[in-house]
Amino acid sequence: MSRISIRPGFYLESLGMEHVDTVFEAIDKNREHLSKWLPFVSFTRKPEDTEEFISSVTNRKPHEKEEVFTIWHDEEFSGLIGYVNTDRVNRKTEIGYWLAKSKEGKGIITETTLQLIKLAFKRLQMNRITIRCAVGNNRSSAVPKRLGFTYEGIERQGEKHGNSYFDLEIFSLLKDEWKKQGS
């Protein structure tokens, strides 16, 4: 998979080594914005850190590979979205995402998440999709709510962030529920 077109100038492109500088520059430029909720930002100090991350995604064995995409909106790099913690035996996956501050409020993550939902249920044959958001990250948690996910509860101290832990809100969508939505 290389590109998923949403509309002219708005598409997803499979993450690859050619994106190292673009991704690093976006993280670096949005460091203050992203670091509030995303622990990986503090470990991303130089382009080589981003290169290592991309290599860890792209060099997995086929049965372990997670699909991660760069987001392009108005032909500009806007963020990343992809699957994490995929369990193929139990046909479930999680969607994670981040977006540059200048691209917030345009529906970009909602639309790209919808594309990954369709891909997960139709092509990847998943039965369950989860989205986890730090408690208080209202922009992030609005996405699963908007897309008909069910709120399941709080994973207490579910993510280490610096010297503390974030509680995570857990949302899920089942394939049968998605079908009932008319998707």
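Before moving on, here are some points about what is shown:
- Residues in region 2-25 that are farther than 18 Å from Ser56 by Cβ and either in contact (Cβ under 8 Å) with a residue 24 or more places away in the chain or surrounded by 13 or more Cβ atoms within 10 Å (Cβ to Cβ) (or both): Ile4, Ile6, Gly9, Phe10, Tyr11, Leu12, Glu13, Glu25.
- The listed residue being polar (S, T, N, Q) and crowded, with 16+ Cβ neighbours inside 10 Å, out of Ser42, Ser78, Ser55: Ser78
- Residues of region 30-39 include at least one that is within 15 Å of Tyr97 (Cα to Cα), part of a helix (DSSP H, G or I) and either aliphatic (A, V, I, L, M) or touching an Asp or Glu at 6+ places or on another chain (Cβ under 7 Å) (or both).
- Residue match in region 115-137 (condition: charged (D, E, K, R), more than 24 Å from Asp167 (Cβ to Cβ) and touching a strand residue (DSSP E or B) at 6+ places or on another chain (Cβ under 9 Å)): no
- Count of region 71-109 residues, restricted to those that are within 23 Å of Ser172 (Cα to Cα) and of a type in the set (Ser, Thr, Tyr), is 4.
- Selected residue [closer than 23 Å to Lys118 by Cβ and modelled with pLDDT under 95] from Ser141, Ser172, Ser183: Ser183
- Test result for Thr93, surrounded by 12 or more Cβ atoms within 10 Å (Cβ to Cβ), touching a Lys or Arg at 6+ places or on another chain (Cβ under 9 Å) and part of a strand (DSSP E or B): yes
- Single condition Trp72 does not satisfy, out of (1) surrounded by 13 or more Cβ atoms within 10 Å (Cβ to Cβ); (2) modelled with pLDDT of 95 or more; (3) under 26 Å from Gly162 (Cα atoms): (3)
The values are calculated or read from the model by the stated rules, or taken from the named source; none is laboratory data. The structure presented is a predicted model; accordingly, all values stated were derived computationally and were not measured. Note that each Cβ is placed from the backbone with ideal geometry, even for glycine, and that neighbours are counted across all protein chains shown.
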